[in-house]
1. In the range A:135-236, what chymotrypsin sites (Phe, Trp or Tyr not before Pro) fall in a loop by DSSP, with at most 16 other Cβ atoms inside 10 Å?
2. If you take every residue apart from B:Pro540 with its C-beta less than 13 Å away from the C-beta of B:Pro540, what net charge results, scoring Lys and Arg +1 and Asp and Glu -1?
3. Is there a pair in B:Lys227/B:Lys251; B:Lys299/B:Lys562; B:Lys299/B:Lys445; B:Lys244/C:Lys161; B:Lys41/B:Lys227; B:Lys41/B:Lys445 whose C-alpha atoms are over 18 Å apart, and which pairs would that be?
4. With +1 on each Lys and Arg Cβ and -1 on each Asp and Glu Cβ, how big is the dipole of the range B:520-563 about its Cα centre, in debye rounded to the nearest 20?
5. Give me the three principal axis extents of the range B:196-312 from the C-alpha atoms, as integers in angstrom, largest value leading.
6. Over the range B:112-176, give the accessible area per residue in Å² for a 1.4 Å probe, as an integer.
7. Over what distance in Å are the Cα centres of the range B:382-456 and the range A:204-231 separated?
8. If you place +1 on the Cβ of every Lys and Arg, -1 on the Cβ of every Asp and Glu, and leave all else neutral, what size is the dipole of chain B about its Cα centre, to the nearest 20 Debye?
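The values are calculated or read from the model by the stated rules, or taken from the named source; none is laboratory data. From a predicted model like this one, the values you see are computed outputs, not experimental measurements. FYI the Cβ positions are ideal-geometry reconstructions off the backbone, even for glycines, and counts take in every protein chain you see. For accessibility, only protein heavy atoms count, side chains too; no ligands or nucleic acids. Shrake-Rupley method; radii C 1.70, N 1.55, O 1.52, S 1.80 Å.
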Amino acid sequence: MGKFILYRLAQFPLILAIIYLVTFALVWVAPGDPLDQPDRNIDPGTKQALRQQFHADSAVGFLAYYPWRLITTGDFGPSMANPDWSVNEILLRSLPVSITLGLFAILLATVIGVAVGTLAALARGGVFDWLSLSLTLAGISLPSFVVASLLLSLFAVKLGWFGVGSWGSVRDLVLPGIALSLLPMAYIARLTRVAMIDVLSSDFVRTARAKGLRRSAVIWRHCLRNAFLPVLSYLGPAMAIAMTGSFVVEKVFNVPGLGQHFVNSVTNRDRTLILGVVLVYGTMVLLFNLLVDLAYAWVDPRIEMQVGGGNG
Amino acid sequence: MTRLVLIPLVLLLLLAGALFWSGVTAEKPADLRWINAGDPKTLDPGSMSWGQDIRLASALWEGLYRFDSTSDQPQPGVAQSVDVSSDGCTYTFHLRPGALWSNGDPVVAGDFVFAWKRVLDQPAGYTSLLFYIDGAQEYCQNVQLAQQQLRDGADPSAISQPQFSLVGIHAVDDATLRVQLKHPVPYFLELCSFATFYPLHERSIAPDLISRHPVTGAIEIRQGFAKPPLVTNGPFTLSQWSYKQRIRLLKNPYYWGASEVSLNIIDVISAEDGFAAFQMYETGAVDWIADVNPEVAAKLVRANRDDFHVTTGFGTYYYEFLCDRTLPDGRANPFFDPRVRQAFARAIDKQTIVSNIVLTGEKASDTYIPRGIFANYDSPRGLSYDVPRARQLLEEAGYPGGQGFPKITLLYNTNAGHEAIAQYVRRQWLDHLGVQVALEGVEVKTFGALKEQKKFQICRASWIGDYSDPTTFSDKYLSFSQNNDAGWVNVEYDRLCAAASLEQDVHRRMALLEQAEQLLLDEAPLIPIYNYVNRVLRRPYVKGLQPNPRNQQDFRRLRIEKH
Amino acid sequence: MMADEGNMTTGKPDMMVAPVGQSVSDRHSPRYLRSGRVIIGGGFLLLMVLLCLGSLPWTLWGSGSLYYDHQDSVRSLLGPDDSIPGLMGSDKLGRSLLGRCLVGGTISLFIGLSAATISVVLGVLVGLLAGYHGGWVDGLLMRAVDVLFALPYVLMVILIKVGFEDHLANLLGNQMLANLLVLLIAIGSVSWLTMARVIRGQVLSLRAQPFIEAAQAAGLGEGRIFMRHLLPNLVGPITVYATLIVPQAILQESFLSFLGIGIQPPLPTWGSLAADGLLPALNSISPDWWLLLFPCLLLAVTLLSLNFLGDGLRDLFDPKRESAKI
C-alpha cells in the first residue's frame, strides 16, 4: 500500500513538468501580449522594459526564471495582467471558494444521484425508471449557461429566495451549487442504476433474500456498497473538476472562484497565471485519482493495490 | 456499509471546513455599493492606463490639482495655488499646509518628485504624459539606455549617467514644487489631476518592494505595493481588496477636505458579466453601475427607465484604413488613394447603425473629435453619406462599380457588438460600391497584435480622450505617433498641430486644430461612425453623481439620501 | 468545471459516457423499451436532420426572408406572434429566427459529427496501437493520455483556438474555413482520450482470444489483423461512443459560443443562438423570450434524441457485455 502511494506520488513531478512545458508552448505561440490594450499602443521602449520586468522578453528567459523560482520557492511570480497580485495570491483567494462550492455540488450530486439511481433500479422498466432516466438526460441536454441563468432568473431575481451576485453566506452556495451538480448528478444516477440492477440480480442477493432478510435490509447492507463502486471511481475526476471551479457558473452567479481564470487568464494572455492555473488543476486531478484508488481499496478490501497497476 | 456512509459525512465535514476557510463572514454594510466598468487592473497610479482604474484612483489619491465634476475644470487639490510664468512654461505650485497622507504625515513636494521620477524610471502606458516636462523624455530614454547597456554587460563606470537634475521637476522646499515645461501646455493643470501625476508616500512602501538601481539611481517599485495597508492622500483609503470580489474604501480622516466628504464606507463590487451586474442592481445588491452593458442599456432605453442616464461620452467609434502604399503581403494598397477611402466613407449610412444596431442614444458622427466636448472648439464638417458621390469617387480611382477591386478584409474583435456593425457595413459596401469585403473577426488580443503589426486593410477602432483638450485626439494621427495605426502621413497635418502647440492665444490655437481635423476628415484615413455615450444606472437616492463626458466622479461629493 | 460542457471527457475513461460500458440493463429491461429508445431517438434525429438539410436551399443559398443573414431593419425583434418573418420571430437585425435555427442546426450537427469523427479516428488509432502492441508502446501512449487528462479542457480549447486560428487563416487564405477547422480540431482533439482508453481495453481482451492468436500464428500482417479481425469486433463500442460524443461536441461548441470564441458570425449554431439569446430573453425589462426558447428547444430535443439513440444502441450492440473496465 505504502509502496503504491509512493510510486504514484513519484510520477507526479514528471507529469506536471510535461504539463507545464506543453502549456507553455501553446501559450507562447498565441498572438498578443498581456501588456497590450486593444486601442492604445504602448511605446515600444516601455513595452520592452515591462517585458523585461516580467522576464517575458524571450521564451528562454521565461523558462530560465519561472520554473526554477517555482521549484525553489513555490512562487509562481506576479500575474502579468493584474500586476498588483501574485499568482499565488490569486490562487489562494479563489481556490477556497471553488473548493467549497465544488464539495457542496459533489455532495448534492452524490446523495441525490445515488438515491435516484437506486430507486430507478428498483422500479426498473417502470414509470419512475423511465422518468428519472429522461430527467437526468434532460439535465445534461441543455448548455450549462442556459440552466444556470434560468435558475438565477427564477429563484433569485423573480422569487427573491436567494441573493444575486453575492458571495459571503451559506445561502449563496445553493444556486451555484445546484447548477454545478446537475452534470455529475446525471452521471451518478445512471451509474448507480446500472450497477444496482446488476447487483440485484446477483446470486448473493438472492441467497440473502432466500434466508428471509428483508428487502430494504438487503439493499442497505449488501447492494449499495457494490453499486457504489463505479460511482466512487467516477468521483475522483469529478471532484477535481468541480473543485477547480466552473467558468459558466462563476460568471452567471458572480462567484469569485478559480474557474474564471481558466478563461480570463487566456484572454488576457496572462502567461504566469495560465501556468499556475494549469498546474493547480493537474495536481488536483492526479491527487483525486490517487485518493479515489485508495478509497476504493478501503471500501472494497478485495481490491489489491499494485505498483504500476493504477490507471490514473 | 458504515464505511459507505462515512464518505458523505467526511465530505460534509470538509465542506464545513472549506466554508470557514473561504471566509464567509458578516460585515458592516457599506453606504454605497457600486460596480465599476470592470475590475481594476492595478491601483498603482504610476502604471494605470484603464478608465476604471483611473476612476477609482481619484477616490484614493489627489494630485496637485483635482478633477471637479461640477465645473469640469481642474480645481486646486494638494496645491493651494500656482504661479505660471508669462511664457507659460514654468509652474510654481504652493502646496496646501493641511494636506496629509492617510497616516497623518504631511504631503510634501518631495513626494511628487519621487513619484514622477519613478514613472520616468519605470515607464508604463501613460509615462509619455510627463514628456511635456523639460528634459523628461531625454532622461527616460537615458535610463532605459543605461539599463540596457548594463544588462548587455557594459562596465558601470563607462555608461553615461542619466541626470535627473536636468529634468524640470524641482522641490524648492517642502511646500513648493517648480515644474519647467518644454513648451506651453494650456491643459497642464488638468494633467496634474491625472493618475500618472499623483504623489507617492515613499516611506510606507515595504522595503523589499522598492529598490534604487545602484548605478543609475533609477527607482523601481515592485508591483504589489498598491494593496492595503496603502498610504494614500485622497478622500478615501483602501481598507480591503478581495481580488475579483470587492474593494472596500473608508473615509480618510486625515484628508484636508474630510468635512465635505459624506460617505464613510464605499464598496466597489466586482461583476465581470454585465448582465449579472444588472441583475444585482435590480435586486438591490448595488446602487450604481458606472458602465452599463450595451445590450441591457438598449432594453433600458426602450423601457424608458428614469434611473438610467445616457450622457455624451469622450470618444469616437470608427473604422480606419491602412494608408501605406503597399499591403502587408506586398500587394498595392487600394486605400493609399484618398479617393478610395472617401468613397468607402461616403457609402455608409451611419444613421441606421445608431438607430438599429447600437441602441443607446449614440450619435452618428461625421467628425473624429466628438462635437461639443471641448470649449471653444468648433468641429469641422466631415464627409456626408452620399452614395452617388461615393460611386463616382471609386470610378475616378479606377474601380468603376467596384470592378477590379482587390480582395480586402475588415478586421474587428469579436466581443462587444462589433460583429453586428461589421456585418451591416460589409453589406453597405457591397450594395453601394459593389465591393466584396471579407470579415475577419478575431479574439481581442489577436486583434490588438494584428493591428499593431499593421496586418489589416480596414479595421475597427476607437479612441477615448484623456484630458480636456482636442490634442488628446489629434495627437493620435501625427505622423510620428505610436498610436497612428493607420500609418497616415501628412506633413501639413503635422505642421498645423505643431503650430497649435506653440500658439498661446486660445482662439487661434483652436482654429489651427480645427483646420487640422478638417484635413484629417477630408483625407479620410478613418471613417467616424458614432460618438460614444456614457451609460449610467443609479438609484435616485445616490446623489452627487455629476454626468460628464469622461464619466469620472468626484467621490467627495457623493452622498446617499434615503428620505 | 463540471458544468462546462464536455469536460466529462477529463473523467475516468469508463465513466465518461457514464454507464456505457457497464450496461446490463438490456438483460432486465423489456425489449420494447430498448428499441423504443432507438426508434424515438433515431426518429427525432432523422426528422431534425431532414428539416435542417432539406431547408438549406432557402436558408443558406436562398435570398428570401428565410435566408439566414437576410437583414431587414423593419422586422427587428418581432415575436413569433407578429408572424411576418416566419414561425419563430426575428432577431435584432431583423433576421428570421427560423432560418437561423435551421442553418444553425446544420452547422451544430456538422460540428458534432466531425468532432466525433476526429475523436473516433484518433481514439481508435491510439487505442489499437496501445492495446495490440502492449509493452513500451502501450506505456508511452497511455502515459500521454494520462498527461492530457490532467490538462484543463476549457483552457486548452481556448489556447488551441487563439494560438492556431490566425496561422491557419493565413495558410488557408480563408478565415471562415480556418475558424471552423480550428473549432473542430479543438473540440475533437480533446475528446478522443476516453475513446482511446475504451478501445485499448477492448483490444486487450480481444487479443487474448484464440482467433487473434490463430491469425497471428497464420502469419497475417498487422494491418490485416487490424482490419479483418479487430475492427469488426470493435464496431459496437465505437458506434456507441461516437453517438455519445456527438452531443458533447455540440455542447462544447455552445460553450465556446458563450465565451465569444465559437463559430464566426454571421454563421449561427444552436449554441451561439442560445448564447446570444440569453440576455435578451432573461432580462426582466422586456424579455424577447423566443430568442432563447426556440434554439434551446431544438438543441435539447436533438441532444436528448442523440443520448437516447446512444443508450439504445449500446444495449442493442452489447447484449452480453458486462463491463468495459480497463
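1. Values: sites: A:Phe145, A:Phe155, A:Trp161, A:Phe162, A:Trp167, A:Tyr187, A:Phe204, A:Trp220, A:Phe228, A:Tyr234; in loops: A:Trp161, A:Phe162, A:Trp167.
Answer in residue order: A:Trp161.
2. Working: positive: B:Arg305, B:Arg538, B:Arg539, B:Lys543, B:Arg559, B:Lys562; negative: B:Asp287, B:Asp306, B:Asp307, B:Glu561.
Taking every Cβ under 13 Å from that of B:Pro540, the sum is +2.
3. Values: B:Lys227/B:Lys251 16 Å; B:Lys299/B:Lys562 27 Å; B:Lys299/B:Lys445 29 Å; B:Lys244/C:Lys161 26 Å; B:Lys41/B:Lys227 12 Å; B:Lys41/B:Lys445 16 Å.
The answer is B:Lys299/B:Lys562; B:Lys299/B:Lys445; B:Lys244/C:Lys161.
4. Details: 9 positive and 4 negative charges, 137 e Å.
My answer is approximately 660 debye.
5. Sorted largest first, the three principal extents are 63, 34, 29 Å.
6. Numbers: 2720 Å² over 65 residues.
For the range B:112-176, the per-residue accessible area is 42 Å².
7. 71
8. Numbers: 55 positive and 63 negative charges, 294 e Å.
Roughly 1420 debye, rounded to the nearest 20.
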